[in-house]
Amino acid sequence: MKELLLIALIHLLAVMSPGPDLIMIAKNSVVYSRKTGVYTAIGLALGILTHVTYTLIGIGIIISQSIILYSVIKIAGAFYLIYLGLKALLSKSSMVSNKSLVKAEKDMSKFQAVKIGYLTNILNPKVTIFFLSIFSQVVSPETGLGMKILYGAEMSMATFVWFSFVANVLTIQAIKQHYDRFSGHIEKTMGVILTALGLKIIFSGRD
């Protein structure tokens, strides 16, 4: 129980810290809708399950030790963030009236929202290193596979709950009203942040 609580605390602090996941939830929630934000959170949670799965299998160790594999994942993730950022910057919805924007906000499907969340999380190599560290440094070697799976399920659920909470907060009516007034500027700002995050990943070292 102590090990579970420690892992839950470490993971919660990591999830709450600023990063691509948080930016993506913020963008999809305020630009599209609360529902889109929640489905994006589902994608992030599925990404966590994927990280946990291959870490338990042992692939995480291979990735962490292979400069080539790590770099490929890092570059793929960076370019994906840049792609989403440029897409937001060049979006025509930022240049049209609010009525047209509202119509455009309904275009993203549930599957698309889940896919964006999943790819944003799974293509972040630092998450791989995080889970490898958790299962090698925090989890006891004596801990059974069943308990490790429970840890992974808890972290996935915590990810979904936290980012769903963020999506709900950001789509409170008062906040949405402010968004409607500055929709174009907000969407472009999100685009700049996503693009900057992608560029930072490309030019950053393996830390």
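The values are calculated or read from the model by the stated rules, or taken from the named source; none is laboratory data. Remember, it's a predicted structure, so these values are computed and weren't measured experimentally. Glycine gets a Cβ as well: all are built from the backbone with ideal geometry, and neighbour counts include every protein chain shown.
When you check ALA88 against the structure, is it at pLDDT 75 or above and within 21 Å of the chain's Cα centre (by Cα), yes or no? Criteria not met by ALA88. Counting only helices (runs of 4 or more DSSP H) wholly contained in the range 92-207, the ones carrying 2 or more residues that are surrounded by fewer than 20 Cβ atoms within 10 Å (Cβ to Cβ), at pLDDT 85 or above and on the phi < 0 side of the Ramachandran plot occupy 110-122, 145-170. Taking each residue of the range 108-132 that is within 16 Å of VAL31 (Cβ to Cβ) and in contact (Cβ under 8 Å) with a residue 12 or more places away in the chain and looking for partners that are not β-branched (Val, Ile, Thr) and not in a helix (DSSP H, G or I) with beta-carbon atoms closer than 7 Å, six or more apart or interchain, yields MET108/TYR32.
A residue that is under 14 Å from ASN121 (Cα atoms), modelled with pLDDT under 80 and not hydrophobic (A, V, I, L, M, F, W, C) can be found somewhere in the range 61-78.
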